[in-house]
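Asker: The structure's right below; bear with me while I get my questions together.
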Amino acid sequence: IPFSGTLNGNGHTIKNYKIYSEPRAGIFCEIGSATIQDLVIDNSCHFDGENVGAVSPSVLSSINLTNVVNRAAVSGSSSVGGFISAVFGTTSARITVNKCRNEGSVTSQKNTTRSGGIIGHMYNNKNLNVEIRETSHSGVIDAPLGGTSGGLIGFVYNNPNMNLVI
């Protein structure tokens, strides 16, 4: 069941949360119609699997991330992002990432992995609106030759009527 609603971390820190060798790894398995704010994911956390994002591997509909800091390492074999692995197959979703920081490392395990400091990849969405404001990635991106990677977004494909503001 995807997380929807609001998580106000009130500046608290999640520590020692580790997921290894799962198809999907993150604090939430899926998110949609969600706001997550004022939260820190500590470097004692680690997420590893096929599709991996410290916050969530999958976004199903509109989300708002505000003042979220990730210091955890994330590594994946298909799609990996500092916060979100993939935004896939949505219609009229709004993704807002505001005043967030990814300080954790992003590691691609294969040369076919799509990796990004904030979002691994966005594909097959219709009418997608993405705003990334006052947000940074300062961790290391370790991607093999032949893979697609980017400081903020690793791969964008087949998103008719997409609006992207960075």
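Asker: Report every pair of residues separated by at least 6 positions or lying on different chains whose Cβ atoms are under 7 Å apart, first residue within the stretch 67-84 and among the charged types (D, E, K, R), second open to solvent by 10 Å² or more (accessible area, probe 1.4 Å).
Answerer: Between residues of the stretch 67-84 that are among the charged types (D, E, K, R) and residues that are open to solvent by 10 Å² or more (accessible area, probe 1.4 Å), the close pairs are Arg71/Asp42; Arg71/Asn43; Arg71/Glu103.
Asker: Residue pairs, Cβ under 6 Å, 6 or more apart or interchain, first in the stretch 89-105 and under 24 Å from Cys45 (Cα atoms), second at pLDDT below 95 and basic (Lys, Arg). List them.
Answerer: none
Asker: Please identify the pairs in which a residue from the stretch 8-32 that is farther than 20 Å from Arg94 by Cα and open to solvent by 40 Å² or more (accessible area, probe 1.4 Å) has its Cβ atom under 9 Å from the Cβ atom of a residue that is among the hydroxyl-bearing types (Ser, Thr, Tyr) and part of a strand (DSSP E or B), counting only partners at least 6 apart or on another chain.
Answerer: Close Cβ pairs (under 9 Å, with a partner that is among the hydroxyl-bearing types (Ser, Thr, Tyr) and part of a strand (DSSP E or B)) amount to Pro23/Ser78; Arg24/Ser56; Arg24/Ser58; Arg24/Ser85.
Asker: Sort out which residues of the stretch 41-62 are assigned to a strand (DSSP E or B), under 16 Å from Pro2 (Cβ atoms) and open to solvent by 10 Å² or more (accessible area, probe 1.4 Å), and write them in order of number.
Answerer: Hits for the stretch 41-62 are Asn51, Ser58.
Asker: Let me ask another. Go through the stretch 104-166 and tell me which strands (runs of 3 or more DSSP E), entirely inside it, have 3 or more residues that are closer than 11 Å to Gly82 by Cα and in contact with a helix residue (DSSP H, G or I) (Cβ under 6 Å, 6 or more places away or on another chain).
Answerer: Here the list is empty.
Asker: Moving to a separate point now. Please tell me if Phe3 is surrounded by 17 or more Cβ atoms within 10 Å (Cβ to Cβ), hydrophobic (A, V, I, L, M, F, W, C), touching an Asp or Glu at 6+ places or on another chain (Cβ under 9 Å) and in contact (Cβ under 8 Å) with a residue 24 or more places away in the chain.
Answerer: Spelling it out, Phe3 is indeed surrounded by 17 or more Cβ atoms within 10 Å (Cβ to Cβ), hydrophobic (A, V, I, L, M, F, W, C), touching an Asp or Glu at 6+ places or on another chain (Cβ under 9 Å) and in contact (Cβ under 8 Å) with a residue 24 or more places away in the chain.
Asker: Give just the number: which of (1) part of a strand (DSSP E or B); (2) modelled with pLDDT under 95 does Asn67 not satisfy?
Answerer: (2)
Asker: Could you tell me whether the stretch 4-14 includes any residue that is more than 19 Å from Leu128 (Cα to Cα) and outside any strand (DSSP E or B)?
Answerer: No.
Asker: Any residue at all in the stretch 116-134 that's within 15 Å of the chain's Cα centre (by Cα), hydroxyl-bearing (Ser, Thr, Tyr) and open to solvent by less than 60 Å² (accessible area, probe 1.4 Å)?
Answerer: Checked the stretch 116-134: no residue is within 15 Å of the chain's Cα centre (by Cα), hydroxyl-bearing (Ser, Thr, Tyr) and open to solvent by less than 60 Å² (accessible area, probe 1.4 Å).
Asker: A follow-up question, please. In the stretch 108-143, what residues are of a type in the set (D, E, K, R) and under 16 Å from Val52 (Cα atoms)?
Answerer: Selection gives Lys110, Arg114, Asp142.
Asker: Regarding the stretch 89-100, can at least one residue be identified that is among the charged types (D, E, K, R), open to solvent by 60 Å² or more (accessible area, probe 1.4 Å) and part of a strand (DSSP E or B)?
Answerer: Yes, the stretch 89-100 has at least one match.
Asker: Further question: Would you check which residues across the stretch 6-18 are closer than 24 Å to Ser61 by Cα and either in contact with a helix residue (DSSP H, G or I) (Cβ under 7 Å, 6 or more places away or on another chain) or β-branched (Val, Ile, Thr) (or both) and list them?
Answerer: Listed by number, the list holds a single entry, Thr6.
The values are calculated or read from the model by the stated rules, or taken from the named source; none is laboratory data. Just so we're clear, the structure is a prediction, and the values are computed from it rather than from any experiment. Methodologically, a virtual Cβ is constructed for each residue, glycine included, from the backbone with ideal geometry; neighbour enumeration extends over all protein chains shown. For accessibility, only protein heavy atoms count, side chains too; no ligands or nucleic acids. Shrake-Rupley method; radii C 1.70, N 1.55, O 1.52, S 1.80 Å.
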